[in-house]
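What follows is one structure encoded as structure tokens, with my remarks underneath.
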Amino acid sequence: MSLADLRSKYRSTFLLSGPASKREVALTFDDAPDANFTPKVLDALKKEGVKATFFVVGNRVEAHPDIVRRMVQEGHVIGNHSYSHANLPKLSNSAFREEITKTDSLIRTYTGYTPHLVRPPYGNIDEDQIRWLSSQHKKIVNWNVDSLDWKGLSTEQVATNVLAHVHPGSIVLQHAAGGAGEDLSGTVNALPEMIKKLREDGVKLVTVPELLDISP
Ligand SMILES: [Zn+2]
């Protein structure tokens, strides 16, 4: 089954956006934490007074625990983005579950909660995995606005990709940490302008649990 078919079959578990009835948008940041870009994203959000949702990779949480502590202290929500950034449908059942549960317990160490939010790497997930996550009371949270920031785009391009496609209820995908040679300065530098424009349009920036009206 294609991802689109899975989304329509598992509508309450597998989400791309929140309700369009509220003038709210959720900024989300994948692949955190790293020592370079994540602190800059946190600085920009703090300056603007915005709380966001970070989908963290377990082995990076182990490498940079202080940055995870900072995210929590500054009021951001943390979701599960697997332990090793695996392409989940390629894994055995047991390897898939371990990617999720190992990262859950790391997140619980810093936040005190077992996260309800999972964002599969590359947005990829299969039907058995959706069913299992659903049985664990998880929501799979993809996005409906893609900044494409991982391509090393300029500040203007990142801001345009977001602002041209965002609408009430949108979940915006950005990245707060890069792989080797990846440049995310476009996404960091686009944040002040993006946030300002959205607020001028009367949009409230919220975390994913606030947007979906669920607990983190
Ligand atoms: Zn990712």
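The values are calculated or read from the model by the stated rules, or taken from the named source; none is laboratory data. What you are looking at is a predicted structure, and each value in this text was computed from that prediction instead of being measured. Note that we place each Cβ from the backbone using ideal geometry, even for glycine, and neighbour counts take in every protein chain shown. Heavy atoms of the whole protein, side chains included, go into the accessibility calculation; ligands, DNA and RNA do not. Shrake-Rupley method; radii C 1.70, N 1.55, O 1.52, S 1.80 Å.
Sort out which residues of region 132-155 are out of contact with any Gly (no Cβ under 8 Å at 6 or more places or on another chain), free of Cβ contacts under 8 Å to residues at least 60 places away in the same chain and among the charged types (D, E, K, R), and write them in order of number.
Passing the criteria: Asp146, Lys151.
Would you mention how many residues in region 97-115 are without any contact (Cβ under 8 Å) to a residue 60 or more places away in the chain, touching a Pro at 6+ places or on another chain (Cβ under 7 Å) and within 16 Å of the ligand (Cβ to nearest atom)?
1
Out of the residues in region 119-174 that are out of contact with any strand residue (DSSP E or B) (no Cβ under 9 Å at 6 or more places or on another chain) and charged (D, E, K, R), state the one that is nearest to Asp30 (Cα to Cα).
The selected residue is Lys151.
For region 116-154, name all the residues that are within 21 Å of Gly58 (Cβ to Cβ), within 16 Å of the ligand (Cβ to nearest atom) and among the hydrophobic types (A, V, I, L, M, F, W, C).
If the condition is that a residue be within 21 Å of Gly58 (Cβ to Cβ), within 16 Å of the ligand (Cβ to nearest atom) and among the hydrophobic types (A, V, I, L, M, F, W, C), then Leu117, Val118, Ile125, Ile140, Val141, Trp143, Trp150 are the ones that fit.
Does region 62-76 include one or more residues that are touching a Lys or Arg at 6+ places or on another chain (Cβ under 6 Å), of a type outside the set (A, V, I, L, M) and within 16 Å of the ligand (Cβ to nearest atom)?
For region 62-76, residues touching a Lys or Arg at 6+ places or on another chain (Cβ under 6 Å), of a type outside the set (A, V, I, L, M) and within 16 Å of the ligand (Cβ to nearest atom): absent.
Return the residues of region 8-33 that are in a loop (DSSP other than H, G, I, E, B) and surrounded by fewer than 21 Cβ atoms within 10 Å (Cβ to Cβ); say none if nothing qualifies.
If the condition is that a residue be in a loop (DSSP other than H, G, I, E, B) and surrounded by fewer than 21 Cβ atoms within 10 Å (Cβ to Cβ), then Tyr10, Arg11, Ser12, Thr13, Leu16, Pro19, Ala20, Ser21, Lys22, Arg23 are the ones that fit.
Across region 35-51, what is the number of residues that are buried (at least 21 other Cβ atoms within 10 Å of the Cβ) and closer than 21 Å to Gly179 by Cα?
Residues in region 35-51 being buried (at least 21 other Cβ atoms within 10 Å of the Cβ) and closer than 21 Å to Gly179 by Cα: 4 in total.
Need at least 1 residues that are open to solvent by 10 Å² or more (accessible area, probe 1.4 Å), hydroxyl-bearing (Ser, Thr, Tyr) and within 27 Å of Ala4 (Cβ to Cβ) per element, so show me which helices (runs of 4 or more DSSP H) inside region 105-216 make the cut, counting only ones lying wholly within it.
Ranges flagged: 127-135, 155-163.
Collect the residues in region 61-86 that are surrounded by 15 or more Cβ atoms within 10 Å (Cβ to Cβ) and more than 15 Å from the chain's Cα centre (by Cα), keeping them in residue-number order.
Answer for region 61-86, where residues must be surrounded by 15 or more Cβ atoms within 10 Å (Cβ to Cβ) and more than 15 Å from the chain's Cα centre (by Cα): His64, Ile67, Arg70, Ser84, Ala86.
Hey, any hits in region 170-187 for a residue that's within 26 Å of Ala35 (Cα to Cα), over 17 Å from the mean Cα position of the chain (by Cα), at pLDDT 95 or above and not charged (D, E, K, R)?
yes
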